[in-house]
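Colleague: Quick one: structure below, then a few questions.
No value in this document is a laboratory result; all are computed from the given coordinates. The model shown is predicted, which means the values in this text are computed figures rather than measured ones. Cβ: placed from backbone, ideal geometry, glycine included. Neighbour counts: every protein chain shown.
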Amino acid sequence: IAMYFGYLSYYTIMLIVPAVIGIPVFTIQTVYTNGEKVTDIVNIIFCVFMVIWTIVFYEYWKRKEVGYSVTWGQTDFEEDEVERADYKGIFRRSPVNDKREKYFSSYKRFIRIIVSLSITLFMIACVIATIY
């Protein structure tokens, strides 16, 4: 939970930069009409800036995250994987480490994904049909 709030505070502080740059961009967009060269150029520059800002943000967050881990003593922390109680499958020997593990067939997984996708697409089609 502490890592989440550390990320949130870092993200909020880092958003100041695009907000400050975005104010003149917004002003230029409202002063000039759409389709003028000035707005197109400003939008392109702002998009390139946002791509660079995103990369810098991510790289500095990785540094900050390691700093938090060291500060809070979480460098050797490894969470144990707990198997879900509702996980369905059959027991078989693992081809990797020869231990017994639960296995769910790839074919059954594929069928469930197709059924789920079909229902989802049907519901999306129903929503689009009611709108139009």
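Colleague: I'd like the orientation of helix 37-71 relative to the chain: the angle between its Cα long axis and the longest Cα principal axis, in ° from 0 to 90, rounded to 10.
Modeller: In the chain, helix 37-71 runs at an angle near 50 degrees to the longest axis.
Colleague: Something else now. So which GluC sites (Glu not before Pro) in the range 1-97 are both in a DSSP loop and have at most 15 other Cβ atoms within 10 Å of their Cβ?
Modeller: Sites meeting the loop and neighbour criteria: 36, 78, 79, 81, 83.
Colleague: Give the cross-link partners of residue 108 among the lysines, using a straight C-alpha distance below 26 Å as the criterion and excluding same-chain residues fewer than 8 apart.
Modeller: Counting by Cα, and skipping residues close in sequence, residue 108 has these lysines nearby: 88, 99.
Colleague: Could I ask something else about it? Using only the alpha-carbon atoms of the range 84-131 as identical scatterers, what base-10 log of I(q)/I(0) does the Debye formula give at q = 0.26, 0.28 Å⁻¹?
Modeller: These q points yield log10 I(q)/I(0) values of -0.95, -0.99.
Colleague: On to the next question. Quick one: if you take sqrt(5λ) for each eigenvalue of the C-alpha gyration tensor of the range 1-78, what semi-axes come out, biggest first, whole angstrom?
Modeller: Working from the Cα gyration tensor, I get semi-axes of 37, 12, 7 Å.
Colleague: May I ask for the angle, rounded to the nearest 10°, between helix 16-31 and the longest principal axis of the chain, with both axes built from Cα atoms and the value confined to 0 to 90°?
Modeller: Computed tilt is about 50 degrees.
Colleague: Using +1 on the beta carbon of Lys and Arg, -1 on that of Asp and Glu, and nothing else charged, what's the dipole of the chain about the Cα centre, debye to 20? Each step should come with its number before you reach the end.
Modeller: Numbers: 14 positive and 13 negative charges, 133 e Å.
Result for the chain is approximately 640 debye, rounded to the nearest 20.
Colleague: Take the eigenvalues of the Cα gyration tensor for the chain, scale each by 5, and report the square roots as semi-axes in whole Å, largest first.
Modeller: So the equivalent ellipsoid measures 44, 31, 13 Å along its semi-axes.
Colleague: Find the relative contact order for the chain and round it to a whole percent, using C-alpha pairs within less than 8 Å whose residues are 6+ positions apart.
Modeller: Across the chain, relative contact order equals 14 percent.
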